[in-house]
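Take a look at the structure set out below.
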Amino acid sequence: MKQIKLYEQVEETLAEEIANGVYQPGDALPTERELMERFDVGRPSVREALFSLSRRGLIEAGSGRRPRVLQPSFNVVLRELNLIVRQVLNSPENIVHLMEIRRLLESALARKAAVEATDTQIAELKSRLEANRQALGYLQKFWETDTAFHAAIARMSGNPITPTVIDAVLEWLIDNRRVTVSEVGSDERAYHQHKAIFEAIAARDPDKAEAAMEAHLLYVERQVALQLVRRDSARRSVMDDESEGS
């Protein structure tokens, strides 16, 4: 069994107390000396625990003053999940499942945008689309502008949680999404799909907007699925070669 370090015991106890409301947002935690006495540990363990809590976004630690509890947010929650999700996505099956969730969510967001987006938001989306067009042929830049385009649609929802969730999903799928623009012509196809999405939203046509996003993300899923098959085939080939050579 993994031995739990002293600072981890302090960290998890304080994290649980924060979650249970023992310490409210804005409250100061006890002093380092008080924590040392409470947990019967040295100053290094207390400081390491506080540093870890700060890194997790649970507290704000400043020089010369006691750490204070931060207001919880979905950014903190999703950041906490980041490592676990990345491990889960080592499974190709889970990648497929997450991409399906993304498609269902973003298709609904495109439909909502066609109904509710303001003229200012549509103008912003148009500029994101133009940036995407200008990035054709430059894979890293295209991928960045692709992300910005989808993020702009998420912001149109008016729900402050939605962009955070979409950003997290896109980040979790980053390695697989890059695959979709790595082959010749893939970036141009993706751009034209983005254009169809934009035109449907700008025309205030929710059915077309939803269908365009659905078609686009189905295309992305097929590209990723093909890459996963190739990756598995390559892995099996290496294993067979090693087996024959042994």
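No lab work stands behind these numbers, since they all come straight from the coordinates. Given the structure is predicted, the values throughout are model-derived calculations rather than measurements. When we count neighbours, we look across all protein chains shown, and the Cβ atoms used for this are built from the backbone with ideal geometry, even at glycine.
Remarks
- Nonlocal amide H pairs with ILE59, under 5 Å, H built at 1.01 Å: SER54, LEU70
- Rounded to whole numbers, the Karplus 3J(HN,Hα) couplings from phi for the stretch 13-19 are 5, 5, 4, 5, 5, 5, 5 Hz, using 6.51 cos²θ - 1.76 cosθ + 1.60 with θ = phi - 60°, and x at Gly and Pro.
- Global geometry of the chain, whether rounded, prolate or oblate, following the gyration tensor of its Cα atoms and the 1.5 cut on a/c: oblate
- Restriction of the GluC sites (Glu not before Pro) in the stretch 1-89 to DSSP coil positions whose beta-carbon has at most 13 other beta-carbons within 10 angstrom yields no sites.
- Contact order relative to length of the chain, as percent, for alpha carbon pairs under 8 angstrom and 6 or more apart: 18 percent
- Each helix, a run of at least 4 DSSP H residues, gives -39500 (n - 2.57); summed and divided by the residues of the chain, these come to -25000 deg cm²/dmol at 222 nm.
- Hz values of 3J(HN,Hα) by residue in the stretch 135-148 - Karplus curve (6.51, -1.76, 1.60), Gly and Pro given as x: 8, 4, x, 10, 4, 5, 5, 5, 4, 5, 6, 4, 4, 5
- Here LYS141 is the anchor, and the lysines within straight C-alpha reach of less than 22 Å, apart from those fewer than 8 places off in the same chain, are LYS126, LYS195.
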